[in-house]
Structures are given as C-alpha cells and as structure tokens.
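To start, the structure itself, in structure tokens.
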Amino acid sequence: MGKSKSEVAEEPCERRTSPSKRIRLDVTASDFAELEDHHPYGALPGGNVFFSEQARQAIRPSDLLPDDDAWLHILGYCNGRDLAFLVRVCRYFYVAGHSPELWRDLVLRRCHTEKRPIRSVGPTWKDTYVKLFYSEIPPHQPMSIPGIYSDTMYRLHSCRSFCIPKVWLDRSPTDTLERVSVKDLTVSRFKSRYENPNIPLLIEEAAKGWKAFERWNQPEYLLQHAAGRTFRTTSGVAPLPGNFSLDAYLDYCESTILEEAPLYLFDRTALEPGSHLWNDYMDDLQRSCPYWDPELMKSNGHDLFQVLGEGRRPDHTWLIAGPKRSGSVFHIDPNCTHAWNAAICGRKRWIFYPPGVTPPGVHPSADGDEVTLPLSVGEWIFQFWDEHIQRKQSAPRHERPLECTAMPGDVIFVPHGWWHLVVNLDKMNIAITHNYVSDSNLSNTLKFLETKLDQISGCRDREESIKPEHLSEEFKKALKQQVPEFLNKALKVPTWTCRAWKDAEAPKKSVIEQAKEAGPSSSFSFSFL
Ligand SMILES: O=C(O)CCC(=O)C(=O)O
Ligand SMILES: [Fe+2]
C-alpha cells in the first residue's frame, strides 16, 4: 500500500527494515507468466520441437524463412480473401494466419479506406471482418493444432494474455506511491506537499461522489449520451486508428479477443465544456478537488492555459476507455503539463519513474524528440520487469520508481516530467484525465514552448488552435493581460527546475547509437512524442 509518511512511521519495524520481506512482497516476472489461457491454436514455444521426432523431420514453411516474424510480416500483405484461403493451405498457415492482429489490421485498413466506423464486433477480429464486410456467419471456432512450435507466436500470445498479479487488484504493500484520503487534502496541503515539489499522489475516493461515478457504470446511460457519435481508438502496434460506435467498443471490451496492445479509446472531444458527460463531473470536481477548480484560476494559479481560450489552447481533456491489459506505455505528458486522472470504472496499475530517471527499456534521444521503447505493456513487462524490480528495491531512494493501483473513484496526480506507464486491470475501464499548467510548472512550460517546438503537441490538427511556432508568444501575451503576477514570477526563474529537461542541451546522439550502447535488448520500435 502506498503510505503517507506518518503511516510509514507507525509500521512494525521488521517491515520497514527487512529487505528480504520487501523482496518477497514484490511481484516477480513469473507472476505474469501464468497466462490467462493456452494459445488458442495450440502453438508451443520453439524449444518443444526437440521433443517431437516427427516435427524434427518435417519441413515446414517456417523452415523456409529465417523466422516466423518474416512470415507474419508477409501475411500482413494479404487481403482478407487471400488470407482466408491461405489459412486452409497447411497447419502452419492456419495458426499464423489467424493471428488476431492480422485481421484487426484488415478491419482498420478497410474501414479507413471506405470511411466506415466499426459499428459491430464479433468474438474474434476475423469474425468482425466478415460481419462488417460480408454477412453474419457462425463465429469462427479456433482449432488447436498439434506440431506448431514458434517462439514468435508464443511470445505474442504471452504479451496478449499475461496474468494480472493478484496483489495489483487491491491496495497492497507493493504500492509505494503516496496516498491521501480526499477528506484530508486541502488546497494548501496539495500545493505545498505535492504540486510544488512535483510529487505524484493518489487521492483516495476523490471521484466517488461525482455523478459520473454513479452513472457511467451503466452502459445504457453512456449509450444514450453517445448516440450517433464515434470514438477514436489507437494502439501502438496498429497501423491506423479505429473509429468505433460506443456500443461496438463496449462489446469489444467485453469480448474475449486477446491482443498485444488492445485498441484504446482516448477521445479529446467527448468531454467538451457544456457537454452532458462534462456536466457529470465538472461541478463535482470543483467541490471535491478545489485545488483543480478552474473557476479559481486567478487565485490558485491552476490551469493557466485557460487564458488562451478553449479552442485556441492545446488539447487538455480526454475520455479514456479500454479493456483489460490496455493502457499507456511509458511517456511524459505533453507540453510540460501536470495532469490528474480519475478512475471512474475499473482499476488501473500505475508505474512512475522520476524526471530524469529513464525507465528500463526506454531510450529518449538527448533532445527528447525521439523515444524508442517497447510498444506494448506486455512486451515491456516480459523484457524489463526484473530490472524494474531491482531498481524499485535498490536504486538510490530519489531514483526509485513508484507504483500503485488506483481503485474506481481514486484520482492520481501526475506531476510534469514524470515517466509513467498505466495498465487497465478490469474488463471495462473508464477514466477522465485533464492536463494543466499551474504556477508550479509555468516557468518550465514557458521554456518548453520556447525551445522544444518539435515536441509541442495537441494543437497541430485543429484549425482554431494556436500553432506551435506562436504558442509561446501568445501564451505570454495572454498571461500578461490576465494574470501578470504569475507570468512575472515564472520569468524570474532562469533555468529548468525539473530534471526531465535538464540535459536538453547535451550533444545529440542518434537513437540507434543510444540503443546500441544500452546493449542487445531484443526488440525496439520507434515512436515519436
Ligand atoms: O489512463 C491511462 O491510460 C493513463 C493516461 C495518461 O497517461 C495520461 O492521462 O496522461
Ligand atoms: Fe500521461
């Protein structure tokens, strides 16, 4: 359990002092390896081939190319019709050709080309493809095929179906993030203990009294208020976003489809000021969390981007939803902002690394423009969990990662510059997040807007938003007119005060050079902040 300092002081001595106790309490890599289910088509790890005389003598398609990745790549060029034929050619193609990601990509590409939203889903992505573009036929029943030995396929399946450790499902001693009950948190305590020193915090039950918390658990309610609109979903491993109707997306979350990085709903328009869903929490936020009350901007310095006006400021409000194991891979929040994130339905596991302390497996370029990292939570867990735990237990105290589970109704404060990864633990997870600038990060935000034009986000693809090259000047101008005291104070701070951006002036090394220096970690992909 994450503990406030006073709670820690009251703990029994042996828990505080015995490292072996702590080692036993932490989740280990093997806790994830107990998979939710067998590979649906019976693939086994490659080494099993040595136990099968028959398999060793047979020539398989996988012997003809250097590895199974290559075959999966080639199958990715097939259209739906060809893939449907190919899976009938041999056992190997049957298993490889039913990889859910191949059929998902076919759905996404064709929906994109035909400008069609995904309005219904089946029990597998292949069923969805058939249902959307042909007619409804009885669902595909996966057959378990003997004799398919493939590390690639088995690893993908492990990333799709890793076990969620039991201790993540409730408050537990593995939680190290500070937590405070909403009843005990005042504006001044929040600012002096957490926001100003830039420390993440879990605020227990802060959203429990929100109307959203009561209402959004009922699918009918959400469906009523989302009728006729679609929601954008993305995945780090999918080639295109998917636009879903809400009923189809809720069915997708409830389905048994297992994917390496499920499509995640991250919608910046659903919570527009004045909208029905926005009204379900905004008054309540002002009452329960006065430190984030936008109305008090002039006195508490919160959400200073407001001075630009709603349409002109960078995106700042998102509705988030996703199925079990969906989530966000390591990132730092945009534009040097702080954020709060309220878990409305479902639990979320959070992992934080402090500013300037790069998480294992993450390789930012010196200027932060590019970051290489595993693109799915599962891949990161399987490759880097041991190193994470080692750092959690024995890195210098101020460099240690922090962890916690947010229960429904809890709100997390995400300070600027902190790396974080989030994984959803329940079948259906819904959250609200707002990003903001306050007097505590204003000086860094101004430096960021001035010097990191390539990294500015949330304002490039909307006509009315201020574009990156003008944002710094426009922001300063509006601050000067509306809240000059905050601007003057921020301009007096001569350097970055957050280590996330301290080394920004170091000579640029390419991401490839850095990844090489970091050693032979098996798979990296590129992503851009
Ligand atoms: O709920 C999540 O997936 C986390 C979202 C996040 O990182 C954020 O809001 O900044
Ligand atoms: Fe974030």
Using every Cα-Cα pair within region 86-155, state what percent have a distance larger than 16 Å.
53 percent
Using only the alpha carbon atoms of region 57-184, find the Kirkwood hydrodynamic radius as the inverse mean reciprocal pair distance, in angstroms to one decimal.
17.6 Å
Which trypsin sites (Lys or Arg not before Pro) does region 450-486 hold that lie in a coil by DSSP with at most 13 other beta carbons within 10 Å?
Arg460
Along principal axes, Cα extents of region 267-326, largest first, whole Å:
40, 28, 23
If you line up the long axis of helix 468-482 against the longest principal axis of the chain, both from Cα atoms, how many degrees apart are they, to the nearest 10?
30 degrees
Radius 14 Å from Cβ of Tyr221, net charge of other residues (Lys, Arg +1; Asp, Glu -1):
-2
Wrap a convex hull around the Cα atoms of region 348-479, take a quarter of its surface area, and give that in square nanometres.
10.3 nm²
Here the equivalent ellipsoid of region 114-267, derived from its Cα gyration tensor, has semi-axes (largest first, whole Å) of 38, 24, 14
What's the long-distance tail for region 119-168, i.e. % of Cα pairs beyond 11 Å?
77 percent
32 Å Cα-Cα threshold exceeded, pairs from Lys298/Lys392; Lys480/Lys502; Lys191/Lys480; Lys126/Lys324; Lys211/Lys477; Lys392/Lys467
Lys298/Lys392; Lys211/Lys477; Lys392/Lys467
Taking GluC sites (Glu not before Pro) in a DSSP loop with at most 15 other Cβ atoms within 10 angstrom as exposed, one finds the longest site-free stretch of the chain at 137-309
Zero-based 5 Å bins, Cα pair distances in region 133-222, whole percents
2, 8, 10, 10, 10, 13, 12, 9, 8, 7, 5, 4, 1
Helix-derived mean residue ellipticity, 222 nm - over the chain, DSSP H n ≥ 4, -39500 (n - 2.57), to 500
-9000 deg cm²/dmol
Output ordering of 417-430, 345-358 (per-residue mean of other Cβ within 10 Å, highest first) is 417-430, 345-358
Looking at the P(r) of the chain, how many percent of alpha-carbon pairs lie beyond 32 Å?
47 percent
Given all pairs of distinct Cα atoms, region 302-380 yields a Kirkwood Rh in Å of 15.2 Å
From zero outward in steps of 10 Å, how is the percent of C-alpha pairs of region 191-317 spread across the bins?
10, 31, 34, 21, 3
Would you mind checking the tilt of helix 377-394 against the longest principal axis of the Cα atoms of the chain, expressed as 0 to 90 degrees and rounded to 10?
50 degrees
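Read-outs: derived from the displayed coordinates by stated rules, not from any lab. All values derive from a computational prediction rather than experimental measurement. Here the Cβ is made from the backbone with ideal geometry for all residues, glycine too, and neighbour counts use every protein chain on show.
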